[in-house]
Amino acid sequence: MRLSGWGRYPCIDADLIEPTTLSAARESLAELASLAPRGLGRSYGDSALAEKIVGTRQLRHLRSFDESSGVLDCDAGISLGELLNLFVPRGWFLPVTPGTKFVSIGGAIASDVHGKNHHLHGCFSECVDSIEIMLADGQLTRCSRTEQPDLFHATCGGMGLTGLIVGARLRLRRIESAYITQTTHKAANLDEVVALFDSHGSATYSVAWIDCLASGKALGRSLLMLGEHASDGELSLSPKPTLSIPLDMPSTLLNRYSVQAFNELYYRRIRQTESQQRVGYESFFYPLDSIRQWNRLYGKRGFLQYQFVIPKAAGLEGMRAILQRIAASRRGSFLAVLKAFGAANDNLLSFPVEGYTLALDFKYETNLLELLSELDAMVLAYGGRLYLSKDARMSEATFKHSYPHWTRFQETRARYGALHKFASLQSRRLGLD
Ligand SMILES: Cc1cc2nc3c(=O)[nH]c(=O)nc-3n(C[C@H](O)[C@H](O)[C@H](O)COP(=O)(O)OP(=O)(O)OC[C@H]3O[C@@H](n4cnc5c(N)ncnc54)[C@H](O)[C@@H]3O)c2cc1C
């Protein structure tokens, strides 16, 4: 079958095997010389792609839940959305969530995903007590911060290269409402939005939509959204309609004129410099999930998401230089998101470091890859790095320069027999054989 990540670039012929039991998963591992694990395919590039893929979509059982502590034991194929549907009405929420709920627990661990609260609560692994993993020889083992910690720190953020995650024990957090109190601040440029991030560092959630085509004095103009869980006791959301993009849009639909017009409207629709609204958690955390298959908007050739982080000391200067280069290229996307990261964790390949991260989409077109390579050099020069879960084209040299623990990662994989057995197009490209 033809398979790709969410960006639909690259797209390859692959065999996808979806075992329904652990013994079937073990048989698949025994039969295949090399394979990539896959969850729900929401990583953008080629990290869940290989000729042979073992998917976890059929491993979706809840094993146990302790109502007093919020400790949940579940299969790795269950999605964040399925968990939220079950647990929000009972007053529980995920301590860390990415910008889509169509992500599996295994995928969230393998990417060590971050949310809008990284500056306070870190990555997804912070709420993971232990992981159940099937190693290359089919053996099931458990790892945590105290049991086989080397395997735990390589698996969280390890992009499926240590083994097949089949289950996890997580800690959910208590909430009193399914609603979020959202405060929106309008920032006229990059300096203003960075100052706002700093002055609102105690806000639980923060994220800025940034107009990456604005230039000159308006470079980096943004809407900063802050969020707090409401406390009104309302634990159910009223259903919202979903739209879907039924077919591939002509890729010419998204061009610098349409994106510029969208950005102008989006920025100007908020009139006050500060405004407040009560919104359902789905609108706050997952605005794009209400448009099914929105990835078709970019046309048949797909798109690439480019996400980088620049450490705090160089953050403002680096972000300004990179935004100037993107604005000059006139290729900006209408989905550009800026967040502040807190301190890095101990996982060998987790992406966040303390600083600022920007994620933006680029339609795949001629000469795009040259522009992205130019941006890579700038990111590296400012001491930053790229997020593996969004990547489809970074070079081995860029990766190895910016992820200094890659050698320890490979040593750990070797200890658990994972080298060559667990491999993706991405891992081969990055020299993680
Ligand atoms: C609209 C949108 C918004 C997003 N927002 C964010 C965000 O805010 N923050 C963020 O961090 N990420 C974000 N992401 C990226 C997404 O959260 C990650 O790519 C996540 O890993 C996808 O999970 P998945 O189940 O789809 O995994 P896949 O895409 O299928 O796989 C991703 C990686 O995990 C590995 N993997 C998957 N399942 C397993 C398993 N059971 N065992 C071992 N390895 C496994 C794969 O081999 C691959 O390397 C976003 C993606 C989209 C489409």
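The values are calculated or read from the model by the stated rules, or taken from the named source; none is laboratory data. Since we're looking at a predicted model, the values are computed, not measured. Reconstructed Cβ throughout: ideal geometry from the backbone, glycine too, with neighbour counts over all protein chains shown.
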- Of the residues C127, C156, which single one is under 20 Å from R63 (Cα atoms) and surrounded by 19 or more Cβ atoms within 10 Å (Cβ to Cβ)? C127
- Task: Tell me, yes or no, whether segment 80-93 has at least one residue that is surrounded by fewer than 24 Cβ atoms within 10 Å (Cβ to Cβ) and either of a type in the set (D, E) or more than 30 Å from G233 (Cβ to Cβ) (or both).
- Result: yes
- Message: Can you list the helices (runs of 4 or more DSSP H) lying wholly within segment 342-425 that have 1 or more residues being farther than 19 Å from G45 by Cα, more than 15 Å from the ligand (Cβ to nearest atom) and polar (S, T, N, Q)?
- Response: 406-415
- Message: Just the residues that are among the β-branched types (V, I, T) and either surrounded by fewer than 22 Cβ atoms within 10 Å (Cβ to Cβ) or at pLDDT below 95 (or both), please, taken from segment 171-193.
- Response: I175, T181, T183, T184
- Keeping to segment 101-114, report how many residues are part of a loop (DSSP other than H, G, I, E, B) and either more than 8 Å from the ligand (Cβ to nearest atom) or crowded, with 21+ Cβ neighbours inside 10 Å (or both). 6
- Among the residues of segment 78-117, how many are over 26 Å from L22 (Cβ atoms) and either in contact (Cβ under 8 Å) with a residue 60 or more places away in the chain or over 18 Å from the mean Cα position of the chain (by Cα) (or both)? 14
- Taking segment 173-201 on its own, how many of its residues are in a loop (DSSP other than H, G, I, E, B), out of contact with any Leu (no Cβ under 7 Å at 6 or more places or on another chain) and free of Cβ contacts under 8 Å to residues at least 60 places away in the same chain? 1
- Message: What are the pairs with Cβ atoms under 7 angstrom where one residue, in segment 274-288, is closer than 15 Å to S231 by Cα and the other, located anywhere, is of a type in the set (G, A, S)? Sequence gap at least six, or different chains.
- Response: R278/A230; G280/A178; Y281/A178
- What is the number of the single condition among (1) over 21 Å from the mean Cα position of the chain (by Cα); (2) assigned by TED's automatic domain parsing to the domain that holds A203; (3) on the phi > 0 side of the Ramachandran plot that H420 does not meet? (2)
- Task: Look at S373 and say whether it is of a type in the set (S, T, Y) and either crowded, with 23+ Cβ neighbours inside 10 Å or not assigned by TED's automatic domain parsing to the domain that holds F341 (or both).
- Result: no
- Matching residues in segment 150-175 - criterion: being in contact with a strand residue (DSSP E or B) (Cβ under 7 Å, 6 or more places away or on another chain) and within 8 Å of the ligand (Cβ to nearest atom): T155, G160, L161, T162, G163, L164, I165, V166
- Go through segment 55-77 residue by residue and tally those that are in contact (Cβ under 8 Å) with a residue 60 or more places away in the chain and either within 16 Å of the ligand (Cβ to nearest atom) or under 26 Å from the mean Cα position of the chain (by Cα) (or both). 10
- What number of residues within segment 34-54 are free of Cβ contacts under 8 Å to residues at least 40 places away in the same chain and more than 8 Å from the ligand (Cβ to nearest atom)? 2
- Message: Residue under question is E126, and the condition is that it be assigned to a helix (DSSP H, G or I) and among the acidic types (D, E); does it hold?
- Response: yes
- Item | Residues that are buried (at least 17 other Cβ atoms within 10 Å of the Cβ) and more than 27 Å from L369 (Cα to Cα), drawn from segment 386-418 | F409, Q410, T412, R413, Y416, A418
- Task: Please go through segment 40-52 and pick out each residue that is farther than 21 Å from M394 by Cβ and surrounded by 17 or more Cβ atoms within 10 Å (Cβ to Cβ).
- Result: L40
- Message: Which of the numbered conditions does E31 fail, given that it passes all the others? Conditions: (1) of a type in the set (D, E); (2) without any contact (Cβ under 8 Å) to a residue 60 or more places away in the chain; (3) buried (at least 20 other Cβ atoms within 10 Å of the Cβ).
- Response: (3)
- Message: Among the residues of segment 177-189, what is the count of those that are over 23 Å from the mean Cα position of the chain (by Cα) and not β-branched (V, I, T)?
- Response: 6
- Message: Is it the case, given these coordinates, that D137 is assigned to a loop (DSSP other than H, G, I, E, B) and either more than 8 Å from the ligand (Cβ to nearest atom) or more than 19 Å from R42 (Cβ to Cβ) (or both)?
- Response: yes
- Task: Name the helices (runs of 4 or more DSSP H) wholly inside segment 217-335 in which the number of residues that are modelled with pLDDT of 80 or more is 2 or more.
- Result: 281-285, 312-329
